[in-house]
1. In nm, what is the difference between 0.36 nm times the number of residues separating ILE52 and ARG82 and their Cα-Cα distance?
2. Counting only protein heavy atoms and using a 1.4 Å probe, what share of the accessible area of the stretch 556-673 belongs to carbon plus sulfur, as a whole percent?
3. Using only helices, what value at 222 nm comes out for the chain when you add -39,500 (n - 2.57) per DSSP H run of length 4 or more and divide by the total residues, to the nearest 500 deg cm²/dmol?
4. Near the amide H of MET502, under 5 Å away, which other amide H atoms are found, from residues 5 or more places off or on another chain, if H is placed in the peptide plane?
5. Over the stretch 243-355, give the accessible area per residue in Å² for a 1.4 Å probe, as an integer.
6. Between LEU727 and ASP435, what length comes free when the chain is fully extended (0.36 nm per residue of separation minus the Cα-Cα distance, one decimal in nm)?
7. Sorting TRP256, TRP323 by accessible area (1.4 Å probe), largest first, what list results?
8. With a probe of 1.4 Å, find how much accessible area the stretch 617-701 has per residue, and write the answer as a whole number in Å².
Amino acid sequence: MDSAENRTPQSLYCEPTGSITSGGLLFGHNITNAVFPLLLMQISLANLFTAIFQILLKPFGQFSFIPQLLGGITIGPSCLSRYEKISDHIFSSKKGVMMVNAFENVGLIFLFFLLSVQIDLNVLKRPGKLAFAIGISALILPFLITLAIALFLKEYISDEELQGSLSMVAFLESGTSFHQILYFLKDLKMLNSELSRIALVSALISGIGNWVYLTIIDQLFAYSKSAQWHTIVFALTSHLFMIIVIVFAFRPLILWMMRKTPERKSLKESHVAVVIIMVLCCALYAEIIGLHPLHGPIVLGMATPDSPPMGSTLSNQFGCFVWGVLMPGFMINVGKRINLFELQIGNFLIVAFITFTSGLAKFIGTLVPSLYFKMPLRDAFPLGLILSGRGLFDILFFYRAKQAELISDEIFGIMAITVIVHSAIIAPIVRAVYDTTKRYMAYNRRTIQHTKQQGELRIVACIHEPDSVLPILNILEISTPTEKSPLAVYVLNLEELTGRTMPIFIPHQYSKTPTLSPSLSSSSSSSSSSSLTSLAKVKPTRASRILNVFHQYEQQRGRSVVIQCFTSVAPYSTMHDDIISLAHNKCTTLVIIPFEKFDSPYVRTVNKNVLEHVPCSVAIFLSRGILVDSKYLHSQPVISVCVIFIGGCDDREALAYGARMYENPNILLTIVVFIDANAITNSEFVEKRHDQQAVANFRINSYENTNVTYKEERLAGVSDTINALQLIEKDYDLILVGRRHNKYSTLLKGLSDWSEFEELGVIGDIFASSDIRSRASLLVVQQQASVVEEMIET
């Protein structure tokens, strides 16, 4: 379709020189007579109404695009533009319309370029049988069923306009947008789940098929008025030439710019400017040869690597600007074409029926292959709902069909309304049916306390930054691995997902020059731990360094330590899913998370989510003093370790962890028990009995060990507690403490009101606070959260 159709051909519009700005309302000038104030008002109102609807719909857990569409509809003839003065002076003014159209088109160019950059086509090399079957089924079945029903209904429709457009409605409704499914999964916070990986690959397969269909129809429509075949041949040859230039000229230049960028640094401004020029040139060239201007940026985006620094820089620098400044123009134009007062109920029911049929066909096309490949119904049902969803990117295709006069304004409005209604129904159902946290619920005890001291201890060690590698190695060494009580360590390198679309989970295999081959595998069941594991091609520098360090430590420790390394590249909002999934699949007893006071809020949110949902015990490690660097690991000096015991399941877990350390001759272990001097001892309390039994067992087992010291501190109140903690932190290299305690205890009462780091608990927060300058590292232990209530009841 020639983009010239998007212009206003009715008349020549002349703009007086100097009318871009108004000169100011205070100086008596009418701001609606100038282009720039009109543009600012429309964009500001679109963002304002979007923000209002986001606030109103947030409690209902709706998708993020719904407030954007409702904001555009509010501006349109259904609400504000219904008043003639507002419409004529602001929203329907030719000055404002021209600028909004320009912003819309530029916004779409950069939006589709950014989205295309994020597409990882490597997943198509090995999509897996399940994802491939779903992708093909969800592509063909809705198209056949919906088109057949549309052709049948044509015979009974009297409205000629709807009758002529019904086949196109069926075709548009049967499509699947990969980007929309991606945004659904982001909004549902399911991006790291196995279900999302299947959904994304399936949607990508269906989306490519739909894109081919749309391109063919686009070209046929553009040249339907021309009987000259040489015009079509010239256009296809020009299209091929554009692809060749992008692949063999632009892509090598982009790769060169990436190589010239230091690791973990952003692209230079000059390099970003070059990328912008490339995008605009591709759009202009596509316009010249008769293609839609989006074709060029889409091809360029797919040829651009999504890995840092290219993908992350483009996403960070362009993303907010495109969505906040340019894309409101699209929302405004969509809203202008939706008039709720002009929709005919008969036409609405017919189009809504086609939409429902299409959604049902997609649902069945997803459900049947999923069940055939033995996917549980509890996974197949939400997967079908997600892939049957419609959203903003689908409305974009409807809008394109409206511009080409393939559907009318009324039909476009009905299709947009059905998208909103359909998505509003799907979102709460999927949230209710698919709860990832319940899937990792443990039905047996995975705690250090209930693990045999002479048995294997399985640990997930998380790495947010390379600086955490040595402290993690030190804490593993302090855990005293031996051949009788070995450590199985699963190291998880955590990196934020920026630039690329799909999260990846990489199991590393050690080699002298590790390489990561791009592939994607899937098993017949979504519950398999290896299902849809992506070995994406990323920069191996950080991962390889971490891998080499842990491999050397594994070789030094011999049979007492076995290490396997993984990398998770995911958004912070769902990064905890990979940690929890790994802990669940490997049946680990402990997850160790490094902590820094200057961690970003996003990292702290990940830590809190792990604490809340992980199916085993968790230890948050704040490294200081000798445990920060390699001195301890290389020289093995004698260090002093203190376990503070106040009471509760977390303190018992910390005590059990300390019990694994005292067999190391280079560790001097001290157990300090805080006793409330004012409390009335009552051994009938279940928790009290468990505490007494744990301390008694420890003292019996360590009775002959001269490296173990037992102390009791009788405290009268909070002030005594703080004084005792200040004395303790000066004498030890490592302090172990439980995270959760009885908040009504007189020894801790009121301290939680002053806590800065709630994930460390009351005692841990005191040690981590800036008021105490300590050389002691801190290990805050939380016992398996999912069985705490069961243990208390017993």
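1. 8.8 nm
2. On the way: 1970 of 3650 Å².
Carbon with sulfur: 54 percent of the solvent-accessible area.
3. -16500 deg cm²/dmol
4. So MET502 has HN proximity to ASP120.
5. On the way: 5140 Å² over 113 residues.
Dividing the accessible area of the stretch 243-355 by its residue count gives 46 Å².
6. Roughly 100.6 nm would be gained on extension.
7. Values: TRP256 110, TRP323 65 Å².
I get TRP256, TRP323, largest accessible area first.
8. For the stretch 617-701, the solvent-accessible area averages 40 Å² per residue.
The values are calculated or read from the model by the stated rules, or taken from the named source; none is laboratory data. Bear in mind the structure is a predicted one, so any value in this text is a computation, not a measurement. Cβ sites come from the backbone with ideal geometry, for glycine too, and all protein chains shown count toward neighbours. Just so you know, the surface numbers come from the protein's heavy atoms only, side chains and all, with ligands and any DNA or RNA stripped out. Shrake-Rupley method; radii C 1.70, N 1.55, O 1.52, S 1.80 Å.
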